[in-house]
Amino acid sequence: MKKSFKRLVIDTATKYMYIALVINDLEVGYVYQVGDNNHSVTIMPLLEELLQKQSIELKDLDEIIVGVGPGSYTGVRIGVTVGKMIAYLNGIKVSTVSSLALMASHSDDVNVLPLIDARRGNAFMAFFKQENHRISYVEEDVLMNIDLFKSKHKEPYDVLESGKPQIEKVLNSDLLTEIGNIHELVPNYLQVTEAERNLKK
Amino acid sequence: MYVLGVETSCDETSVSVVKDGNIVLSNVVLSQIDIHKSYGGVVPEIASREHVKGITYVFDQALKKANLDYQDIDLIAVTKGPGLIGSLLIGINAAKVISLNFHIPIIGVHHISGHIYANYIEQGMEFPLLALVVSGGHTELILMKEHFSFEKLGETQDDAVGEAYDKVARVLGLGYPGGPVIDRLAKEGKEVFDFPRPMINSNDFNFSFSGLKSHVINKHHNMLQRKETIDPKDFSTSFQEAVTDVLVQKTIKAKEYYDVKQIIVAGGVAANSGLRKKMKERITDIPVYFPKMVYCTDNAAMIAAAGYFQYKKYGKSDDLYINGHSRLDLERRM
Ligand SMILES: [Zn+2]
């Protein structure tokens, strides 16, 4: 029997936590639940439960796919830390994906605009198109004024602020980036800290 | 018993392997101090980002230096608070992954119990003992009647002593962190100002440093206005004498009241040479211990040491629901 290929997907950059177990391109189990500031407390127990249901141990995994943001700074760090540690401890491959891309994959529309609110009229956004069940970027992740970003796109589109990813679509896209050196994995904050901005002034 | 210590409560990412509570096999500390220097203090968001960046590297170094595999570890001890919440969560979640990955029990440890147990690594402990915990976030007198039993006798009513050092250093234009530079200059200056010793004779074991800090800052301000020459050395000496007088006096008072067998000084300010000198000069009837310099500032060896005794005392571990706490009571049982 051919050994199955086991992948774990983790994304905690938004209010929703998404963890999924994918075996041979099929999502065999997942958690998608809201947990405002709770990801840090719940992610490991939920992950343990998810693995137990499939009788899989962390060390059985072959690849980790991590949503690296943009999104909540505190939130995204949880998932990235967990994914980074699993990959490091077991010496397995890790690939990153935009948390906006994961969100966009929820939609079945041709044009999709995922949006994570960043206050004061700004948001983390991107623009995707989907053709023949393949998802790809039209405009990459940005942090900018919501109205300004929307005004750039004239064609009809689906705006998403949450949604369970359709992970098979993402796995079949060019949206994944493999990380060569695990120690270099960090979130994509899309923005330097306020302190750094003030220092440059 | 091999304990893996994990400490990320502020701006040091640290992992350590300690055998039986005091044999330090490795103690890797990735310090961010040079990054935060330019901001005059620790920036929480930057600290959290740096922890994520360095976390796996620090674990890797700690295990390699100890020459062990994760399978050899018997217990994981991770700081659960108090501290910067975003920073704490990185160490806690990384530790939880190891726990689940290798089925190793995990316990959450109070940061201050770590600072106290930093002393155990070198000197052991004899009870009852009195611990003076002095750092950027803490100024407390704690009585220990046995291992892992903490009774808070008193604490600062406002600024922590390390905080007062930082603020005075900033006003004198000495940069951040304030403790080491004031300590250095204090050796060269004279005590020309008679700064107040707040609460030195109060009828309790509490402290207050905000009044002293304001007094120093006002004095500096007035001298600037009058265009008088300001010698940071004399300011440093006068300030440090006032601070250490209060710390030592209160410690002596508690020592006599509770008739303790030894005194330990813990936390970042335990590195202060003026405090070390005055403590040893004025307390001669019982031993006064200070941790080795590397164990004064935040490090994971002290967390592993404390975790070892916490586990021995309570005999149970935590589950994967451990959370970080920016504030956390030391006396509360686990
Ligand atoms: Zn500390």
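The values are calculated or read from the model by the stated rules, or taken from the named source; none is laboratory data. Owing to the predicted nature of the structure, the values given are computational and were not obtained by experimental measurement. Cβ placement follows ideal geometry from the backbone for every residue including glycine, while neighbour counts extend to all protein chains displayed. The protein model used for the area step is the full one, side chains on, heavy atoms only, and it has no ligands, DNA or RNA in it. Shrake-Rupley method; radii C 1.70, N 1.55, O 1.52, S 1.80 Å.
A few comments on the model shown:
- Among (1) among the hydrophobic types (A, V, I, L, M, F, W, C); (2) in a helix (DSSP H, G or I); (3) surrounded by 20 or more Cβ atoms within 10 Å (Cβ to Cβ) - the single one residue B:224 does not satisfy: (3)
- Condition check for residue B:90: within 11 Å of another protein chain (Cβ to nearest Cβ) and surrounded by 24 or more Cβ atoms within 10 Å (Cβ to Cβ): yes
- Test: residue in region B:236-247 that is touching a strand residue (DSSP E or B) at 6+ places or on another chain (Cβ under 8 Å) and touching a residue at least 12 places away in the same chain (Cβ under 8 Å): yes
- Residues being aliphatic (A, V, I, L, M) and part of a loop (DSSP other than H, G, I, E, B) - total across region B:62-80: 2
- Residue list for region A:132-162, restricted to those being in a loop (DSSP other than H, G, I, E, B), of a type in the set (Lys, Arg) and touching a residue at least 12 places away in the same chain (Cβ under 8 Å): A:152
- Condition met for residue B:149 (within 27 Å of residue B:74 (Cα to Cα) and in the same structural domain as residue B:310 (by TED's automatic domain parsing)): no
- In region B:137-158, the qualifying residues are those that are in a loop (DSSP other than H, G, I, E, B) and within 16 Å of the ligand (Cβ to nearest atom), and the one that is most open to solvent (accessible area, probe 1.4 Å) is B:137.
- The criterion of at least 1 residues that are open to solvent by 10 Å² or more (accessible area, probe 1.4 Å) is met, among strands (runs of 3 or more DSSP E) falling completely within region A:1-99, by A:6-11, A:16-23, A:26-34, A:93-97.
- One residue stands out in region B:54-87 among those that are of a type in the set (Ser, Thr, Tyr) and open to solvent by less than 40 Å² (accessible area, probe 1.4 Å): the one that is nearest to the ligand (Cβ to nearest atom), namely B:79.
- Restricting A:24, A:90 to residues that are touching a residue at least 12 places away in the same chain (Cβ under 8 Å) and at positive phi narrows the list to A:24.
- Members of region B:8-24 that are away from the ligand (no atom under 14 Å from the Cβ) and open to solvent by 10 Å² or more (accessible area, probe 1.4 Å): B:19, B:20, B:22, B:23, B:24
- All positions within region B:99-136 that are among the small types (Gly, Ala, Ser), farther than 21 Å from residue B:285 by Cα and open to solvent by less than 10 Å² (accessible area, probe 1.4 Å): B:108, B:113, B:114, B:118
- Subset of region B:46-62 [more than 23 Å from the chain's Cα centre (by Cα) and within 10 Å of chain A (Cβ to nearest Cβ)]: B:53, B:56, B:57, B:60
- Residue within region B:204-217 that is out of contact with any Pro (no Cβ under 7 Å at 6 or more places or on another chain) and open to solvent by 60 Å² or more (accessible area, probe 1.4 Å) present: no
- The lone exception for residue B:30 - which of (1) under 20 Å from residue A:80 (Cβ atoms); (2) assigned to a loop (DSSP other than H, G, I, E, B); (3) open to solvent by 40 Å² or more (accessible area, probe 1.4 Å) it fails: (2)
- Considering residues of region B:100-136 that are in a loop (DSSP other than H, G, I, E, B) and within 16 Å of the ligand (Cβ to nearest atom) only, the residue nearest to the other protein chains (Cβ to nearest Cβ): B:136
- Within region B:290-333, if we keep just the residues that are open to solvent by 70 Å² or more (accessible area, probe 1.4 Å) and assigned to a helix (DSSP H, G or I), the residue that is farthest from the ligand (Cβ to nearest atom) turns out to be B:312.
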